[in-house]
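Everything on this sheet refers to the single structure shown next.
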């Protein structure tokens, strides 16, 4: 598989959250073992199955609308049943799959899996591995394809399948760097960044030029808050394997350090060299996100249009476009865009964004429908052993159980100390009335120079609560000058707070 996986970015566009059908145990033997094939009771992807799972999730939303007193536990249980039923229906449907299989020679071709047609690539690899079950590179490629499919389809039931494929590859060839790098990528996708760093180091010991391992090491260091080490790792990766995967990591490290100009230059260079649809869509979307962060909505929309011209179904671009439309005043277009996104991928990020658009327009009932699904998804994530995302902690702080948000934020801060975990902990402390304790974390979140309006807004609100009026005015004004439409609700609150502070001078 082509080693062009996306960096782990702390964005609300990143798919995540568990589904049912997380896979059965791999057979103890390797030779003659069946590939992890769809339709065998192990969960899976595919448009028909995905539609059945999504329909099941939407039925939960309808149930929530019929009973406003639905408790989180009840909602979680219903969602679990719905997703399980969807997975069972998917398995039955996939038994009748008649999709054409590519020749075995193409099954292990990196180019096939780089085209964006992961379903075809996975089907081809499965067929190839039935014929050649001792092909350790084929098993590693299948694992990588599952990781990529989980990321692009928002279907973490693929992660256990990926793990089984990597383990089979390593049983056949214990020191093959492709499987070791794949395990690193899988650990990063599951937000286990210490393990990601460990497996990346093992892969690089075997092959110092493994692009995937070099990139995953950079990702893991970023997500552990080791920004100086991440910058060094990105430079090493650029020296050894320059290319789009490395360029995007390097750009993000620069953005986190406040060097937006360099980040933009590097991303534009990456876009110029991009040739595959997946690379073009991804890099254009990152440019759109960067522009949106700086409040340049027209430029952001242009980049998202470029991404969607290449792949009209690229979810991060669809979500980003909706966010930019909302900030640019097109609330109707943004709402419809997010409705389309969550109709296919009801994940926490877009659900919160859609809920906030509804709430900002006064439709609290529809907003609560979206937030209820976020709560249910979070409960399922924890029940399935997935580390809850920081975006989930922030969603709970604003729209859910504040005490739970604080517990999650503290646990995440203990696990890894980044600007994002600092901001999440600061805000969770604030909503729980612990502003004095929150202030040092709010300051730390903005200490690297990372230009993020939500961070500045959180800091300003906390400073106001702790009696630092002048600092509060400075940071609330900075948030609104940087990105005046950073959040339908947050931006409104920032303007109100700033107006009150100005009036109190």
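Okay, residues lined up against (1) touching a residue at least 40 places away in the same chain (Cβ under 8 Å); (2) within 23 Å of residue 481 (Cβ to Cβ); (3) in contact with a helix residue (DSSP H, G or I) (Cβ under 6 Å, 6 or more places away or on another chain); (4) surrounded by fewer than 24 Cβ atoms within 10 Å (Cβ to Cβ):
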position	(1), (2), (3), (4)
419	yes, yes, yes, yes
426	no, yes, yes, no
433	no, no, no, yes
436	no, no, no, yes
439	no, yes, yes, yes
445	no, yes, yes, no
453	yes, yes, yes, no
456	no, yes, yes, no
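Could you figure out which of (1) crowded, with 17+ Cβ neighbours inside 10 Å; (2) modelled with pLDDT of 95 or more; (3) farther than 25 Å from residue 293 by Cα isn't true of residue 467?
(1)
Which of the residues belonging to the range 385-416 are surrounded by fewer than 17 Cβ atoms within 10 Å (Cβ to Cβ), over 19 Å from residue 349 (Cα atoms) and at pLDDT 85 or above?
403, 407, 410, 411, 414, 415
Residues 335, 421: which one is in a helix (DSSP H, G or I) and over 17 Å from residue 489 (Cβ atoms)?
421
Is it true that residue 240 is surrounded by fewer than 16 Cβ atoms within 10 Å (Cβ to Cβ), farther than 20 Å from residue 148 by Cβ and in contact with a helix residue (DSSP H, G or I) (Cβ under 7 Å, 6 or more places away or on another chain)?
yes
For the range 239-252, what are the residues that are in contact (Cβ under 8 Å) with a residue 12 or more places away in the chain and over 16 Å from residue 200 (Cβ atoms)?
Across the range 239-252, the qualifying residues are 243, 244, 247, 248, 250, 251, 252.
Among the residues that make up the range 241-254, is at least one of them under 22 Å from the mean Cα position of the chain (by Cα), more than 26 Å from residue 391 (Cα to Cα) and either part of a helix (DSSP H, G or I) or modelled with pLDDT of 95 or more (or both)?
yes
I'm trying to understand the selection: among the residues of the range 164-176, which are touching a residue at least 40 places away in the same chain (Cβ under 8 Å) and assigned to a helix (DSSP H, G or I)?
164, 165, 167, 168, 171, 172, listed by residue number.
If you check 351, 357, which single one turns out to be modelled with pLDDT of 95 or more and either assigned to a helix (DSSP H, G or I) or under 27 Å from residue 449 (Cβ atoms) (or both)?
357
The values are calculated or read from the model by the stated rules, or taken from the named source; none is laboratory data. Computed from a prediction, not measured in an experiment: that's the story for all the values here. Methodologically, a virtual Cβ is constructed for each residue, glycine included, from the backbone with ideal geometry; neighbour enumeration extends over all protein chains shown.
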